[in-house]
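The structure appears right after this line, and notes come after that.
Rule-based calculations on the coordinates, nothing more; no lab input. Every value quoted in this text rests on a predicted model; they were computed, and no experiment measured them. No Cβ is skipped: glycine too gets one built from the backbone with ideal geometry, and neighbour counts run over all protein chains shown.
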Amino acid sequence: MNDNSTVQKNDNKNALLDFIKVYLRGASQVMFQNNIWTGILFICGIVWGAFEEGQGHVAWGAMVALFVSTITGYLLKLPKEDGDAGLWGFNGILVGCGFMTFLGNTYLSWLCMIFCAAMTTWVRTGFNNIMAPWKVNSLTFPFVFSTWLFLLSARVMDGMPPTYMASPHLPGTISTNIEIEFGDLIFYWLKGISQVFLINSWVTGIFFLVALFISNKWAAIWAAIASALSLFIIIVMKGPGSDIANGLYGFSAVLTGIALGMTFYEVNIKTAIWCVIGILACVFVQAAMNVFLEPLGLPTLTGPFCITTWLFLLPLFKFNVEKKNNTDHSNWHKS
């Protein structure tokens with residue numbers, strides 16, 4: 001009986017450790033990584049940035065939503081290999097950041113966030129099934145689509161007030177007035193990376209770059225290049241000053257750079273050129289979606305990244321070294 005008790009305790013301990021690994025990989029997979037240390041540093045970066053801005057509930061929301069979406073994968077008995085790679089959780093953690101960033105901090109907002117986080121786990125499976133014939137996957141679109149639904153609902157549901165959402169309005173004149181010094185550019189560049197998780201903190205950007213480098217140096221390199229290139233383009237094109245200062249043209253470009261530069265294609269000169277073109281395109285997709293969604297008062301979230309990456313994967317260009325199967329979301333990471 002003692003032997004059985006010991007075995008059961010060991011099994012419970014192993015199950016808990018396995019869950020923690022799945023949980024942390026869920027955070028890391030937002031930027032296509034399968035690494036628990038990357039996940040830890042991502043969460044640390046979120047906590048730092050959220051509390052730095054006096055919005056600690058954003059960090060708590062991210063961690064709770066990541067837990068919920070991960071648990072949902074277990075409850076639905078989805079493919080174990082997806083869970084082991086952290087693919088149940090990455091949309092959920094973004095839901096947590098999004099809800100707590102844009103909605104009022106009410107108990108009903110939290111309940112809706114929990115439901116939305118769980119929803120992304122099965123929505124991802126459904127979207128992947130639909131997209132499989134085109135040899136692409138849903139990326140972070142389950143988070144984008146599901147969160148859009150709830151943010152729109154918030155306009156008529158006072159229980160989750162749209163406290164921090166922009167007021168719906170027709171596109172008008174933009175303010176490009178911004179004085180930029182070299183030191184400012186470094187902060188804007190780092191914020192472009194931190195905004196992947198809707199965090200406006202240059203320190204968080206450093207956390208994320210280190211986290212990426214630990215997992216894959218090319219992921220860190222392409223994140224850095226994408227944020228810098230998108231910042232350069234939006235400044236040259238005289239985009240909105242506040243968006244430039246807050247890194248809001250960087251986050252989708254960063255995800256696009258990592259996706260095209262090292263995730264779905266091997267690293268070489270041909271894919272590098274293709275990736276740079278994709279990053280440039282993402283800046284204009286971001287601007288277009290900003291204008292398109294202004295009458296609804298909706299944020300683009302990572303929608304520009306999804307659209308741009310699909311546009312650059314759908315042609316199915318081989319470049320002689322295309323990865324063997326980019327239909328499978330588990331191929332986001334390298335073993």
| query | Can you give the direction-averaged projected area of the convex hull of the alpha-carbon atoms in the stretch 14-81, in nm²? | reply | 4.7 nm²
| query | Remind me, relative contact order of the stretch 105-249 in percent, using alpha carbon pairs under 8 angstrom and six or more residues apart? | reply | 21 percent
| request: Determine the gain in length on full extension of the stretch Ile273-Leu152; use 0.36 nm per residue of separation and subtract their C-alpha separation, reporting nm with one decimal. | output: 39.8 nm
| message | Starting from 0.36 nm per residue, how many nanometres of slack lie between Asn12 and Phe182 once their C-alpha separation is accounted for? | response | 55.9 nm
| query | Rounded if a/c is under 1.5, else prolate if a/b beats b/c, else oblate: with a ≥ b ≥ c from the C-alpha gyration tensor eigenvalues square-rooted, which is the stretch 1-139? | reply | oblate
| If exposed trypsin sites (Lys or Arg not before Pro) are those in a DSSP loop with at most 10 other Cβ within 10 Å, what is the longest stretch of the chain that has none? | 78-317
| query | Helix hunt in the chain: which complete DSSP H runs extend at least 30 Å axially by C-alpha with mean Kyte-Doolittle at least 0.0? | reply | 107-131, 269-293
| remark: With Phe90 itself left out, Lys, Arg at +1 and Asp, Glu at -1 over residues whose Cβ is under 12 Å from its Cβ give +1
| remark: Computed from the beta carbon distance with a Förster radius of 30 Å, FRET efficiency for Trp134 and Lys77 to the nearest 0.05 stands at 0.65
| Which FRET efficiency value, to the nearest 0.05, do you get for Phe19 and Phe292 by plugging their Cβ-Cβ distance into 1/(1 + (r/R0)^6) with R0 = 45 Å? | 0.65
| query | What is the fewest-to-most order of Cys97, Cys44, Cys282 by other Cβ atoms lying within 10 Å of their Cβ? | reply | Cys44, Cys97, Cys282
